[in-house]
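Single-structure report; data block below.
The values are calculated or read from the model by the stated rules, or taken from the named source; none is laboratory data. Bear in mind that the values here come from a model prediction, so they are computed numbers and not experimental data. Cβ coordinates were reconstructed from backbone atoms using ideal geometry, including for glycine residues, and neighbour counts include every protein chain displayed. Only protein heavy atoms, including side chains, enter the accessible area calculation; ligands, DNA and RNA are left aside. Shrake-Rupley method; radii C 1.70, N 1.55, O 1.52, S 1.80 Å.
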Amino acid sequence: MAPRPIIIDCDPGQDDAVALFLAMSSPEDVGILGITTVAGNVPLELTQRNARMMCDIAGRPEIPVFAGCEKPMVRDAITAEYIHGDTGIDGMDVFEPQTPLQERHAVDFIVATLLATENVTLIPTGPLSNIGTAIDRHPEILKNVSEIVIMGGAMREGGNRSPSAEFNILADPHAANIVLNCGRPITLMGLDITHQVLSTRDRVARIRELDNPVAAATAGMLSFFHRYDTKKYGSQGTPLHDPCTVAYLLKPEFFKTKACNVTVETESELTMGHTAVDFWHVTDRPHNVSWAYEVDAEGFYELLTERLGRFPLS
Ligand code: RIB
Ligand code: CA
């Protein structure tokens, strides 16, 4: 079976970086048409540099990397250096990557690719500014979107950036509103899922034992990423948010999902970016999302460790 064509839209971010590594580890399963970057955890000039660094480390400098929106569609930008560090990928040594930054704007790449290529899966793991802008400007691209697998939102878990909103959705709620209502199949990996896949010390140690540059970078980043969430939640590890999207492509059977309505708050400042997940179908709103609510966490880490182990030792 031919690899599934995908575009990863991200804001590296340690967890975005691991999602990139997981996708790059499995070329027989996913064909990365391009990596588009967006302002999010840190400003755009860092997220694009960080994405290119991951291509270098994974030995995939041929993957085209694009810079996109440096701010949300309507609101002012918010960032998360207090979690990810000033570089966005604290926990590993930063270097000037060889992988080039493409001239073309990420939104233009997304539009051109979707006009020319059928059955593309979009994997957004940051604020939805690039995807929302592309759909807003050229809705005709949607005919070639086979699925959108998003890291974002929260239901029972509550918010992580505000009491009621998850960071990616809060960072650009207007873009999220466009994407969630675009009419194409959407699978949403919210905090309810990502908080089930905690990068415990044992799991990180197993990755570090793989002893290749990708695993070393992953272990270093997760060890840094670990410190904030374990203190905040009193948990044994940090939620590994973004790789849940790629893991879903590789092993959908690891996840339980339910079709329901998810609506984004774009008016109230108090609950801006809140995802109202109608899990029990108490309204007659359309079921626009497959909401992920359970995951085989051990299977997830076995998959991640096995796939990261595929990279060469040096
Ligand atoms: O709320 C978690 C999400 O926000 C993750 O994608 C993380 O990388 C940040 O972008
Ligand atoms: Ca992210």
- request: Report the charge-dipole magnitude of the chain in Debye, nearest 20, computed about the Cα centre from +1 at each Lys and Arg Cβ and -1 at each Asp and Glu Cβ.
  value: 280 debye
- prompt: For the chain, what % of the accessible area comes from carbon and sulfur atoms, probe 1.4 Å?
  reply: 51 percent
statement: Note on the chain, DSSP bridge orientation, antiparallel percent to nearest 5 equals 35 percent
- prompt: Once Rh is set to the Kirkwood radius over Cα pairs, what Stokes-Einstein translational diffusion coefficient, in µm²/s, holds for the chain at a temperature of 4 °C and a viscosity of 1.567 mPa s?
  reply: 68 µm²/s
- request: Identify which of A17, A165, A80 has the largest mean-square fluctuation in a Gaussian network model of the chain, with springs joining Cα atoms closer than 10 Å.
  value: A80
query: So what are segment 85-179's ellipsoid semi-axes, whole angstrom, largest first, if each one is the square root of 5 times an eigenvalue of the alpha-carbon gyration tensor?
result: 25, 22, 11
- line: For segment 5-113, the Kirkwood Rh over every pair of distinct alpha carbons, in Å, works out to 13.8 Å
message: Can you give the log10 of the normalised intensity I(q)/I(0) at q = 0.13, 0.18, 0.20, 0.21 Å⁻¹, computed with Debye over equal Cα scatterers of segment 150-215?
response: -0.52, -0.76, -0.82, -0.86
field: trypsin sites (Lys or Arg not before Pro) within segment 146-229: DSSP coil, no more than 16 neighbouring Cβ in 10 Å
entry: R156
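Of the chymotrypsin sites (Phe, Trp or Tyr not before Pro) in segment 266-301, which ones lie in a loop per DSSP and count no more than 10 other C-beta atoms within 10 Å?
Values: sites: F279, W280, W291, Y293, F300, Y301; in loops: F279, W280.
Of the chymotrypsin sites (Phe, Trp or Tyr not before Pro), the ones in loops of segment 266-301 whose Cβ has at most 10 other Cβ atoms within 10 Å are W280.
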- request: Grab the DSSP H runs of the chain that are 4 residues or longer, score each as -39,500 (n - 2.57), total them, divide by all residues and round the 222 nm result to the nearest 500 deg cm²/dmol.
  value: -10500 deg cm²/dmol
message: Straight-line reach only, C-alpha to C-alpha below 16 angstrom: list the lysines that K251 could link to, leaving out same-chain residues fewer than 8 apart.
response: none
- prompt: At what distance in angstrom do the alpha carbon centres of segment 240-292 and segment 110-138 lie from each other?
  reply: 19 Å
- request: Over the chain, give the accessible area per residue in Å² for a 1.4 Å probe, as an integer.
  value: 39 Å²
message: Taking the Cα centre as origin and putting +1 on Lys and Arg beta-carbons and -1 on Asp and Glu beta-carbons, what dipole magnitude results for segment 1-64, to the nearest 20 debye?
response: 100 debye
field: Radius of gyration, Dmax [segment 24-175; alpha carbons; angstrom]
entry: 15.5, 42
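Report, in order of residue number, the helices in the chain meeting two criteria: a C-alpha extent of 18 Å or more along the helix axis, and a mean Kyte-Doolittle hydropathy of at least -0.5; treat each whole DSSP H run as one helix. The partial results should precede the final answer.
Details: long enough: 44-57 (20 Å, -0.25); 213-233 (30 Å, -0.15).
Long hydrophobic helices here: 44-57, 213-233.
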field: Backbone N under 16 Å from the S146 label point (7 Å along Cα→Cβ), restricted to segment 220-255
entry: 246-253
message: Could you tell me the center-to-center distance, by alpha carbons, between segment 11-36 and segment 153-206 in angstrom?
response: 18 Å
task: Note down the net charge around L22, summing +1 for each Lys or Arg and -1 for each Asp or Glu among other residues with Cβ under 12 Å from its Cβ.
output: -2
